[in-house]
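For reference, the structure is listed below as structure tokens.
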Amino acid sequence: MTATPLPDLGRRLLTNVDANHSDFAESMMLVPAEEYRDPSRFARELDVVFRRNPLLVALSCDIPNPGDFTTLDIADRPIVVVRGEDGVARTFLNACRHRGRSVAEGCFGHSRRMTCPYHSWVYDTEGKLVGLPGREGFADLDVDGLMAYPTAERAGAIFSILTIGAALDIDEWLGDMQSALEMLNLTKLHRHDVETKLPSGNWKATADGYLDGYHLGYLHRNTIGAKAITNRNTYDLYGPHVRIGFANKGIVDQRDVAPEDWPEPYDCFSLVHYVFPNISISGHPHRSLMVSRIYPGPTPGESTVVQYQYFREPLVTDEQRAEAEQKRQLYRDVTYEEDFLTVIDITRHTDVLAATGEPFRFGRNEMGNQNLHRWISRLLA
Ligand code: FES
């Protein structure tokens, strides 16, 4: 099986435009507001959803060369993802085996050795302990390297389970999302090295925004939604992952043309790939992408979103860098001022809504959101 080819997606979007609705789930879905605020449920989400199932921890292009690394801190797990001399990407707990100091720092970096600043224990890119000043004091040392998490690389992305010794079957986990990601050509991307880091409310309410094609022409009517035909989305559910198609206004001019022959198919529709539980990849094959990561916590009512822009060509000229920065600032403003302020407002209401037994309601046209909540409940069960 493979993901829906993009021309077929174009056909389905045109069908939805003509039918005046999105792809439909079988029924509406109610999710208790309590699930967005309950601290014990939040703790289980971190433990089960984020630490016992695969997370997309980096794109392959983030660490293309041996010695390249990236660090992140998610679900109370500080990790470093590093490409070894053998070309294999590995994820380690970013904590020295002496007394726990971080051995790598900075969002992205390059080093053939990770040296703990506290007492200079040294690890190589495969996590092996290769240097230890005063070794005679540790004659009985019981460890030989960093703690490694199960890790696999597919379709230009690196996935890890943040539980030591857990079984990782990444092909099973991704299913047809693997071929959907392959269609995006993630391996040949160049990151604009300016991070956008934004506060938001509850992580699931934040994810709801990324999975929701319904709000585009309303909340974003004056910005990124201006070119869209709202609420005519396609939803491809690949296990817990979702590919969302968005119809753009130009699609109606192509009614009599086969999607294979559309002159510029990506002006006719937009795409979001949501890799469960917390990654949104917005953009097209052959064009730039925005990758957003949702970091839950530290409380149920808080999350942080980190975004990077990726381009198909290296950013070498001042003009290219200025254009990339302009794009980054546009999406920063839109996602914070329109999306995340909305999520923060919703999160402020969850206590009172939960106290009155009120649910959040997801329509038949909100299949991506329904899939998110169904999968979280399934995993927690
Ligand atoms: Fe790392 Fe001591 S904590 S060398």
Estimated vicinal HN-Hα couplings, Hz - region 5-22 in sequence order (Karplus 6.51, -1.76, 1.60; Gly, Pro = x): x, 5, x, 5, 5, x, 4, 5, 5, 5, 4, 5, 4, 5, 8, 6, 7, 7
Residue 131 long-range amide H proximity, modeled H, under 5 Å: 122
Folded to 0 to 90 degrees: helix 318-334 orientation relative to the chain principal axis, Cα: 70
Hz values of 3J(HN,Hα) by residue in region 43-49 - Karplus curve (6.51, -1.76, 1.60), Gly and Pro given as x: 4, 5, 4, 4, 5, 8, 5
Per-q log10 I(q)/I(0), region 18-160, q = 0.09, 0.11, 0.17, 0.21 Å⁻¹ (Debye; single scatterer per alpha-carbon; no solvent): -0.39, -0.53, -0.94, -1.21
Global geometry of the chain, whether rounded, prolate or oblate, following the gyration tensor of its Cα atoms and the 1.5 cut on a/c: prolate
Lys, Arg +1 and Asp, Glu -1 on Cβ, resulting dipole of the chain about Cα centre, debye, nearest 20: 400
Reach of residue 204 by Cα under 29 Å, taken over lysines that are not fewer than 8 positions away in the same chain: 227, 327
Prolate/oblate/rounded label for region 97-236 (Cα gyration tensor, a/c 1.5): prolate
Three-way shape label, region 235-365, alpha-carbon gyration tensor, a/c 1.5: oblate
Simple spin-label estimate for residue 112 and residue 76 in nanometres, 7 Å along Cα-Cβ: 3.9
Amide H partners (placed H, <5 Å) of residue 58, local residues excluded: 158
Region 67-171: trypsin sites (Lys or Arg not before Pro) in DSSP loop, at most 11 other beta carbons within 10 Å: 99, 112
Extension reserve of the residue 379-residue 197 stretch, reckoned as 0.36 nm per residue once the Cα distance is removed: 62.7 nm
Karplus (6.51, -1.76, 1.60) ³J(HN,Hα), θ = phi - 60°, over region 338-346, in Hz, Gly and Pro reported as x: 9, 6, 6, 5, 5, 5, 5, 5, 4
Over the chain, relative contact order from alpha-carbon pairs under 8 Å, at least 6 apart, %: 24
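Here, each number is a calculation from the coordinates, and none is a lab measurement. These numbers were taken from a predicted model, which means no experiment stands behind them. Backbone-built Cβ (ideal geometry, glycine too); neighbour counts: all protein chains shown.
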